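Participant: I'd like to ask some things about the structure below.
The values are calculated or read from the model by the stated rules, or taken from the named source; none is laboratory data. Here the structure is a predicted model, which means the values were calculated and not measured. In this analysis, Cβ positions are derived from the backbone assuming ideal geometry, glycine residues included, and neighbour counts consider all displayed protein chains. Heads up: the accessible areas ignore ligands, DNA and RNA and are worked out on the full protein's heavy atoms, side chains in. Shrake-Rupley method; radii C 1.70, N 1.55, O 1.52, S 1.80 Å.
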Amino acid sequence: MPPAHPFDTSFLRDTGDDDKLKEECGIFGVIGVAEAANFVALGLHALQHRGQEAGGIVSHHPELGFQSARRFGYVRDNFTSQSVMETLKGPLSIGHVRYSTAGSKGQTAIRDVQPFFGEFAMGGAAIAHNGNITNANALRRELIERGSIFQSSSDSECIIHLMARSLQRTIPERMEDALRRVEGAFSVVAMTRTKLIGVRDPLGVRPLVLGQVGDGWVLSSETCALDIIGADFVREIEPGEMVVITDKGVESHFPFRPRKPRFCIFEHVYFSRPDSILGGRSVYETREAIGRELAKESPVEADLVCPVPDSGTPAAIGYSLESGIPYAMGIIRNQYMGRTFIEPTEQIRNMGVRLKLNVNRALIEGKRVILVDDSVVRGTTSRKIKEMILDAGAKEVHFRIASPPTAWPCFYGVDTPQREKLLAATMSEDEMRDHLQVDSLKFISLDGLYRAVGEAKGRNPKQPQYCDACFSGEYPVEPADMVEQGFEMKAAE
Ligand code: SF4
């Protein structure tokens, strides 16, 4: 057997960590401030919820050139020591945190950790990518046939090789050229010796925002990471936009054929931090509005509304406010568990979800409880939580879910189990209720979710305003690699 990875957290899989969709990356970049890498480390720390497996930072100093550090584990354990940060000097820096990308799930090698770096005739460039390239296999085959030598298993490396083959004169032009060949979802933060570059794919599936700190500029996956460094939020990078930032300011281009935006609606439900702003709306307030919609759509008589912590909390508050049923912290999450048992014994492993969540028995006993969670993926955690609540003496358990049934995998930068493993792919809502053995189970409708994110008329079925493929099965970009591997798209209605 291969030796255990020093940050092997596979034992956590039984504690519910594999029963959520996982955002695979967070990106951050800064130009125009002294020791920019320190800001990047702080920004990545604020984006840690988007990926905990590994992180990397590249910086550039006019005399020392490019420098980089890539590590497994948390930002706070790797990019706080003086010895590491002293090697990342200069006024320009980008960074990346990752969960894992296609091709290396759970067995990441350090060569898969971004930012990736390429040396071109006109100078070096580093890039950090959030999203997933849906035609990466075809591109990789073509590039290898034409002589490219790949260093990693990451789809993102295709961008560097496409840039190397471009005949354009400048790095931003080569990047435009490369990204025109790429399909799928990408938000990219890149740097040359003098430029910070940010790009969003034409549909704007993954987020990217622009901020300002003193005389410097910042690019970040989310606004919560601007707050940590005291930067002001300027605006979102628009779908299909490329910004090139130098000491002269921000230049904007739109190099792609314009498309109707399809931002990921799940960012509102779960991925983004509740203190971020998305599309001009507070994520927290949107989640509260989802809870209110859920209460209107699926009321039930009960004594308490409890969130499944932490992500179900704002929706549970919304449900409670709308229904008038008291809110209570019926389940408490142990935030530090994951770091306590790096090498767990079998006995500890078997404790499963109880390692992370504990029921507040004094509140639950004898009560009819509404549990609000953000999603049901495999249903394994939901079932265990229900057992814990019943063990604590609850009279009834009603699940209310702040997203529609997740019946389709995501191919745009979110880790999802195969379709057969998704509970909603094989069961109706009633069958799921029976499977989970709860008194009732209701999901918010797709229209209800659209209303909660600010679309008063709900979803436009002819031209959906968001990407909602994991609920609807309607993929805004065909996942070409997956179709080639046998994935069956939903038949047209
Ligand atoms: S498929 Fe779902 S998770 Fe993936 S981008 Fe679309 S809405 Fe987001």
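Participant: State which residue is nearest to Val189 (Cα to Cα) when the search covers only the stretch 87-115 and only residues that are surrounded by fewer than 24 Cβ atoms within 10 Å (Cβ to Cβ) and at pLDDT 95 or above.
Facilitator: Step by step, filter the stretch 87-115, then rank; the result is Pro91.
Participant: For residues that are among the acidic types (Asp, Glu) and within 16 Å of the ligand (Cβ to nearest atom), tally how many sit in the stretch 376-429.
Facilitator: At the first step, the residues of the stretch 376-429 found to be among the acidic types (Asp, Glu) are 387, 391, 396, 415, 420, 429.
Subset that is within 16 Å of the ligand (Cβ to nearest atom): 415.
Qualifying residue count for the region: 1.
Participant: So, in the stretch 204-230, how many residues would count as being touching a Gly at 6+ places or on another chain (Cβ under 8 Å), open to solvent by less than 10 Å² (accessible area, probe 1.4 Å) and either at pLDDT below 95 or not hydroxyl-bearing (Ser, Thr, Tyr) (or both)?
Facilitator: Residues meeting the conditions: 11.
Participant: A further question on this structure: Tally the residues that are away from the ligand (no atom under 16 Å from the Cβ) and more than 13 Å from Gly32 (Cα to Cα), restricting the search to the stretch 198-227.
Facilitator: Initial filter on the stretch 198-227 (away from the ligand (no atom under 16 Å from the Cβ)): 198-199, 209-220, 223-227.
Those left that are additionally more than 13 Å from Gly32 (Cα to Cα): 198-199, 209-210, 220, 223-227.
Total meeting the criteria: 10.
Participant: Follow-up question, since we're still on this one. Exactly one condition in (1) at pLDDT 95 or above; (2) surrounded by fewer than 24 Cβ atoms within 10 Å (Cβ to Cβ) is not met by Leu44; state its number.
Facilitator: Failing condition for Leu44: (2).
Participant: Tell me yes or no: at least one residue of the stretch 401-415 is of a type outside the set (Val, Ile, Thr), open to solvent by 10 Å² or more (accessible area, probe 1.4 Å) and farther than 21 Å from Ile265 by Cβ.
Facilitator: Among the residues of the stretch 401-415, not one is of a type outside the set (Val, Ile, Thr), open to solvent by 10 Å² or more (accessible area, probe 1.4 Å) and farther than 21 Å from Ile265 by Cβ, which makes the answer no.
Participant: Got a sec? Which of Gly51, Gly65, Gly32 is at pLDDT 90 or above, farther than 30 Å from Gln335 by Cα and in contact with an Asp or Glu (Cβ under 8 Å, 6 or more places away or on another chain)?
Facilitator: Details: Gly51 fails: farther than 30 Å from Gln335 by Cα; Gly65 fails: in contact with an Asp or Glu (Cβ under 8 Å, 6 or more places away or on another chain).
It is Gly32.
Participant: Kindly provide the set of residues from the stretch 60-94 that are under 12 Å from Phe39 (Cα atoms), in contact (Cβ under 8 Å) with a residue 60 or more places away in the chain and hydrophobic (A, V, I, L, M, F, W, C), ordered by number.
Facilitator: Answer for the stretch 60-94, where residues must be under 12 Å from Phe39 (Cα atoms), in contact (Cβ under 8 Å) with a residue 60 or more places away in the chain and hydrophobic (A, V, I, L, M, F, W, C): Leu92, Ile94.
Participant: Where residues in the stretch 467-478 are outside any helix (DSSP H, G or I) and near the ligand (Cβ under 7 Å from one of its atoms), which of them is surrounded by the most Cβ atoms within 10 Å (Cβ to Cβ)? Spell out the reasoning first.
Facilitator: Our first condition is that a residue be outside any helix (DSSP H, G or I); within the stretch 467-478, this holds for 467-468, 473-478.
Going one step further and asking which of them are near the ligand (Cβ under 7 Å from one of its atoms), we end up with 467-468.
Details: Cys467: 26, Asp468: 23.
Among those residues, the one meeting the criterion is Cys467.
Participant: Met489: in contact (Cβ under 8 Å) with a residue 40 or more places away in the chain and under 23 Å from Gly204 (Cβ atoms), yes or no?
Facilitator: No, not satisfied.
Participant: Do we find a residue being touching a residue at least 40 places away in the same chain (Cβ under 8 Å), farther than 22 Å from Ala121 by Cα and touching a Phe, Trp or Tyr at 6+ places or on another chain (Cβ under 9 Å) anywhere in the stretch 157-180?
Facilitator: no
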